1. Under the condition of being more than 10 Å from the ligand (Cβ to nearest atom) and under 15 Å from the mean Cα position of the chain (by Cα), which residue from the range 168-179 is surrounded by the fewest Cβ atoms within 10 Å (Cβ to Cβ)?
2. From the list Arg232, Arg224, Arg200, which residue is at pLDDT 95 or above and within 12 Å of the ligand (Cβ to nearest atom)?
3. Which count do you get for residues in the range 210-221 that are free of Cβ contacts under 8 Å to residues at least 24 places away in the same chain and within 10 Å of the ligand (Cβ to nearest atom)?
4. Output the residue which, of all residues in the range 115-127 that are in contact (Cβ under 8 Å) with a residue 24 or more places away in the chain and open to solvent by 50 Å² or more (accessible area, probe 1.4 Å), is nearest to the chain's Cα centre (by Cα).
5. How many residues are out of contact with any helix residue (DSSP H, G or I) (no Cβ under 7 Å at 6 or more places or on another chain) and either within 10 Å of the ligand (Cβ to nearest atom) or under 15 Å from Leu163 (Cα atoms) (or both) if we restrict to the range 183-194?
6. When you go through Pro319, Pro287, Pro306 one by one, which is the residue that is at pLDDT 95 or above and surrounded by fewer than 16 Cβ atoms within 10 Å (Cβ to Cβ)?
Amino acid sequence: MGKRSKKTDEVDSKPAKRKSRKGRAKADDDGLLVGLDIGGTKLYAVVADSSGAVRGSARKKTRPQLGFEGVMGRALEVVAEACEDAKVPLEALRGVGVGAPSPMLPDGTAVNAPNLGWRNAPVGALLEGQLSRPVITANDCDAGTFGELVYGAGAGADTLVGLFMGTGLGGGIVIDGKPVCGENNMAAEIGHMVVVADGRRCGCGHRGCLEAYASKTGMGSYLRCQVACEGRETVLTELCDGDFGSLRSGALAKAYAEQDELAVEALHESARFLGIGVANLVTLLGPSVVVLGGGVMEALGKQLLPHVERAARASAFPPGTLKKTKICLAALGDDSVALGAVAWARQRLL
Ligand SMILES: [Zn+2]
């Protein structure tokens, strides 16, 4: 398919506009796809047409404790409910796109999803067997990044990088309209680029990864150290019941709004490191757009964006190169992975 021209001609750039068209009769019903977002806390499905207009949606809690088959049973229910909401039978769909929090093999196997406790889980095969529709799977951050390029903040761009800052730091790369998955299908693990030699220990076992600084986990490390070793105080201690490993974005936003000194420091440190990550990516890839999303940026994007930009500008090479790169906040919010999975499946199926 002629990827670039089709994508840019057909998409809407504003999610609000997309939703307002929900339910309206369309001439392109043969292009309907389901996008399924399998997250650690929620399962979310949308039925969308090829322009990214959402016709119907449904969500459920994931309940990872039910195990792979239990969660996938709920995922099938969510897909059925989204079809019901869109008033289209499953048979009318051209296929299903799936975003899952794991590196994904081309056959739809989720290699390792720590949030779900899955290893080598046959996500694609199970869905295809149960739904009798073609299923295309992707890593959730890769899907989210691609969704921003096709339907969101990066609409119209050819080369785009997405960074999603939440509990961890996920990322995705699209070059010349094509997602970069690498020879091993596990490329674009931006959060695990080492930015500090012998730095903080990361959840992956290495030291000094970007994620160990630019994430809620990184902020937790900083806060824990400042409170325990330096005897400093922060409202976040109470807001997270003393467990800095379980910081919520809402609590960070509250502490930031109160200008809690330590919370502001932790957030600005994460934003600075995120900017260093952006600088490295811009230096390496020269994207036209860098999209910043994830829970922390959804809650505090406006406040943190100038700090990210400043750090990025200070380190990108050649100096001034960022004038050609737009750094912006993600536009698709909650829909990003599901709509990205639709775009991903559309590129491969239609
Ligand atoms: Zn790491």
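The values are calculated or read from the model by the stated rules, or taken from the named source; none is laboratory data. The structure presented is a predicted model; accordingly, all values stated were derived computationally and were not measured. Positions of Cβ are backbone-derived with ideal geometry, glycine not excepted, and every protein chain shown enters the neighbour counts. Side chains included, ligands, DNA and RNA excluded: accessible areas come from the protein's heavy atoms. Shrake-Rupley method; radii C 1.70, N 1.55, O 1.52, S 1.80 Å.
1. Restricting to residues being more than 10 Å from the ligand (Cβ to nearest atom) and under 15 Å from the mean Cα position of the chain (by Cα), the top hit is Pro179.
2. On the way: Arg232 fails: within 12 Å of the ligand (Cβ to nearest atom); Arg224 fails: within 12 Å of the ligand (Cβ to nearest atom).
Unique residue meeting the criteria: Arg200.
3. Filtering the range 210-221 for residues free of Cβ contacts under 8 Å to residues at least 24 places away in the same chain gives 212, 221.
With within 10 Å of the ligand (Cβ to nearest atom) added as a condition, the list becomes 212.
Residues in the range 210-221 being free of Cβ contacts under 8 Å to residues at least 24 places away in the same chain and within 10 Å of the ligand (Cβ to nearest atom): 1 in total.
4. At the first step, the residues of the range 115-127 found to be in contact (Cβ under 8 Å) with a residue 24 or more places away in the chain are 115-118, 121, 123-124, 126-127.
In the following step, the residues that additionally are open to solvent by 50 Å² or more (accessible area, probe 1.4 Å) were identified as 115, 117.
On the way: Asn115: 14, Gly117: 19 Å.
If we take residues in the range 115-127 being in contact (Cβ under 8 Å) with a residue 24 or more places away in the chain and open to solvent by 50 Å² or more (accessible area, probe 1.4 Å), then Asn115 is nearest to the chain's Cα centre (by Cα).
5. Number of matching residues: 3.
6. On the way: Pro319 fails: at pLDDT 95 or above; Pro287 fails: surrounded by fewer than 16 Cβ atoms within 10 Å (Cβ to Cβ).
None of the others qualify; the one that does is Pro306.
Residues are listed down the side, and each one gets a yes or a no for (1) at pLDDT 95 or above; (2) of a type in the set (Phe, Trp, Tyr); (3) away from the ligand (no atom under 16 Å from the Cβ); (4) surrounded by 14 or more Cβ atoms within 10 Å (Cβ to Cβ):
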residue: Val196; (1), (2), (3), (4): yes, no, no, yes
residue: Glu238; (1), (2), (3), (4): yes, no, yes, no
residue: Gly242; (1), (2), (3), (4): no, no, yes, no
residue: Ile276; (1), (2), (3), (4): yes, no, no, yes
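Quick grid of which residues meet (1) charged (D, E, K, R); (2) without any contact (Cβ under 8 Å) to a residue 12 or more places away in the chain:
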| position | (1), (2) |
| --- | --- |
| Gly277 | no, no |
| Ser288 | no, no |
| Leu300 | no, no |
| His307 | no, no |
| Arg310 | yes, no |
| Pro319 | no, yes |
| Lys324 | yes, no |
| Ile327 | no, no |
